[in-house]
Amino acid sequence: MSEAFAFLSDMVDYGPQILSGLVNTLILAGTISVTGLLVGILIFRFTLSDNKIIRKSAARYISFFIGTPLIVLLFLMYYGLPQWGINFSPFAIAVIGFTLNIAAYNSRYLSAAYNGIDQQQLMAASAQGFSSRQIFTLIILPQTLRRAIPGLTNQVALNIKDSSIAFLIQYVDFFAQMQEQASLNFQYLKVYAVTGAVYLLLVSLVIFGSKRLESRYTIPH
């Protein structure tokens, strides 16, 4: 009982730092979820381009970033760019690295959703004189976003979990603060159990929100 009380006391004493780290985690996860979606939409648009070179470039982008470990990309920027005189903050590097990676996955989700669209809609719109930009903006994008809700929201959950590796490039997030707490009180099992529970709670909230979005915006068959 005394050990549990001492552990809780340590957590309370270190509470401000833990809360600060949690806020940093939410900021990073929220930022990369938005930027990853926006860039993912752009890459998805390129995959539908009439220009063969643009389509192939988009496909290579997707293959490269899906096939490259994210931690390697972060390390390349964090440790490699300073050798060329280019310096970014850990947050900026995390946002850039995660965005490039997440965009590749999101574009894949959107491409899969696009395959479910009735192509006759697109032909009818083209026959009515719609430009390719109008077809994409008014017909393709709204439907693919709705159809891709499960994949896109699942990616948000992954973003929350994967953001924990940002501590390896000195970004002071929730995981970094909890690791610091574990190094201070040596209660590694308890600290990491609490850490896992918090991440599980955050992911559960995303999944709950995803179900609500699906029920509200799913396109009827």
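Residues that are closer than 27 Å to Phe44 by Cβ and acidic (Asp, Glu) are absent from region 180-190 altogether.
Working only within region 27-44, note down all residues that are touching a Ser or Thr at 6+ places or on another chain (Cβ under 9 Å) and within 17 Å of Ser111 (Cα to Cα). Gly36, Leu38, Val39, Gly40, Ile41, Leu42, Ile43, Phe44, listed by residue number.
For the structure I just gave you, tell me whether Ile149 is buried (at least 17 other Cβ atoms within 10 Å of the Cβ), touching a Phe, Trp or Tyr at 6+ places or on another chain (Cβ under 8 Å) and modelled with pLDDT under 95. Criteria met by Ile149. Starting from residues that are surrounded by fewer than 17 Cβ atoms within 10 Å (Cβ to Cβ) and closer than 16 Å to Leu201 by Cα, keep the ones in region 4-39 and report whichever is modelled with the lowest pLDDT. Going through the qualifying residues, I end up with Leu19. Of Leu152, Leu145, Leu201, Leu168, all but one fail to be of a type in the set (A, V, I, L, M), free of Cβ contacts under 8 Å to residues at least 12 places away in the same chain and assigned to a helix (DSSP H, G or I); the exception is Leu201. Scanning region 130-182 for residues that are within 26 Å of Ser49 (Cα to Cα) and among the aliphatic types (A, V, I, L, M) yields a count of 9. Here Ile139 passes the criteria (1) in contact (Cβ under 8 Å) with a residue 40 or more places away in the chain; (2) closer than 28 Å to Thr47 by Cα except the one numbered (1). Residues in region 171-187 that are outside any helix (DSSP H, G or I), surrounded by 16 or more Cβ atoms within 10 Å (Cβ to Cβ) and of a type in the set (Phe, Trp, Tyr): Tyr171 only. There is at least one residue in region 47-59 that is among the small types (Gly, Ala, Ser) and part of a loop (DSSP other than H, G, I, E, B). Selection of region 40-52 for residues being at pLDDT 95 or above and aliphatic (A, V, I, L, M) yields Ile41, Leu42, Ile43.
Contact map, region 60-82: first residue free of Cβ contacts under 8 Å to residues at least 60 places away in the same chain, second residue of a type in the set (D, E, K, R) and part of a helix (DSSP H, G or I), Cβ cut-off under 7 Å, separation 6 or more or different chains; pairs are Ile62/Arg108.
Checking each residue of region 68-89 against the condition of being under 26 Å from Tyr188 (Cα atoms) and either part of a loop (DSSP other than H, G, I, E, B) or touching a strand residue (DSSP E or B) at 6+ places or on another chain (Cβ under 9 Å) (or both) gives no match.
Among the residues of region 175-221, those that are among the aromatic types (Phe, Trp, Tyr) and either at pLDDT 85 or above or touching a Pro at 6+ places or on another chain (Cβ under 7 Å) (or both) comprise Phe175, Tyr192, Tyr199, Phe208.
Scanning region 171-190 for residues that are under 27 Å from Leu74 (Cα atoms), out of contact with any Ser or Thr (no Cβ under 6 Å at 6 or more places or on another chain) and in contact (Cβ under 8 Å) with a residue 24 or more places away in the chain returns Tyr171, Val172, Ala176, Gln177, Glu180, Gln181. Reported count of residues in region 105-121, each being assigned to a helix (DSSP H, G or I) and within 30 Å of Phe65 (Cα to Cα), is 11. For Val23, the stated conditions hold: it is under 30 Å from Gly151 (Cβ atoms) and either part of a helix (DSSP H, G or I) or not acidic (Asp, Glu) (or both).
The values are calculated or read from the model by the stated rules, or taken from the named source; none is laboratory data. Computed from a predicted model, the values in this text were never measured in an experiment. Using ideal geometry, Cβ is built from the backbone for each residue, glycine included, and neighbour counts are taken over all protein chains shown.
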